[in-house]
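Peer 1: First, the structure itself, so that you have it in front of you.
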């Protein structure tokens with residue numbers, strides 16, 4: 001099971017919604033143009049658009065690291081206006097696990113899968 005799934009929860013600061021939306025749109029454009037191993041990268045808002053959930057699937061740990069190299073500057077801006085919590089599902093490489101530590105990610109390893 002090489003695939004890595006990530007769920008990012010973002011709580012947007014008051015008054016920062018439009019800036020958040022612009023950064024999110026820019027991130028999606030970068031991913032479409034540059035990422036080679038990103039399989040899903042879907043953004044969802046709650047009803048009042050104060051919280052966003054991003055569901056991501058990558059072919060491998062290396063694909064996640066490639067993604068981070070492309071969107072890193074945008075991610076820095078996003079965490080400046082939104083509190084982030086990350087959950088990672090799979091068996092990340094040591095390098096990827098260390099990168100995620102900066103965001104306090106929780107890693108869930110496979111138990112039973114279809």
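Peer 1: What percent antiparallel are the DSSP beta bridges of the chain, to the nearest 5?
Peer 2: Details: 23 of 26 bridges.
Once the DSSP bridges in the chain are tallied, antiparallel ones form about 90 percent.
Peer 1: Output the relative contact order of the chain, whole-number percent, from Cα pairs under 8 angstrom with separation of 6+ residues. Walk me through the numbers before you get to the answer.
Peer 2: Working: 185 pairs, mean separation 42.0, N = 114.
Value for the chain: 37 percent.
Peer 1: Would you mind putting 39-49, 58-68, 12-22 in packing order, based on average other-beta-carbon counts within 10 Å, highest first?
Peer 2: Details: 39-49: 11.7, 58-68: 19.6, 12-22: 13.7.
Answer by packing, highest mean first, reads 58-68, 12-22, 39-49.
Peer 1: Which residues does the label zone of residue 60 cover in region 26-54, counting backbone N under 17 Å from a point 7 Å along Cα→Cβ?
Peer 2: Within reach of a label on residue 60, which here means backbone N under 17 Å from a point 7 Å along Cα→Cβ, region 26-54 contributes 35-40.
Peer 1: Same structure, new question: If I take every Cα pair under 8 Å that is 6 or more residues apart in region 4-57, average their sequence separation and divide by the length, what percent do I get for the relative contact order? Let's see the in-between values first.
Peer 2: Numbers: 60 pairs, mean separation 29.1, N = 54.
Normalised by residue count, the contact order of region 4-57 is 54 percent.
Peer 1: Could you pull out which residues in region 46-82 have an amide N less than 16 Å from a spot 7 Å beyond the Cα of residue 3, following the Cα-Cβ vector?
Peer 2: Backbone N within reach: 55-64.
Peer 1: If the elastic network links every pair of Cα atoms under 10 Å, which of 37, 90, 104 fluctuates the most in the Gaussian network model of the chain?
Peer 2: Among 37, 90, 104, the largest GNM mean-square fluctuation belongs to 104.
Peer 1: If r is the Cβ-Cβ distance from residue 102 to residue 48 and R0 is 30 Å, what FRET efficiency results, to the nearest 0.05?
Peer 2: Numbers: r = 29 Å, r/R0 = 0.97.
About 0.55, to the nearest 0.05.
Values in this text are rule-based calculations from the coordinates and carry no lab data. Computed from a predicted model, the values in this text were never measured in an experiment. Heads up, the Cβs are rebuilt from the backbone with ideal geometry, glycines too, and the neighbour counts pull from every protein chain shown.
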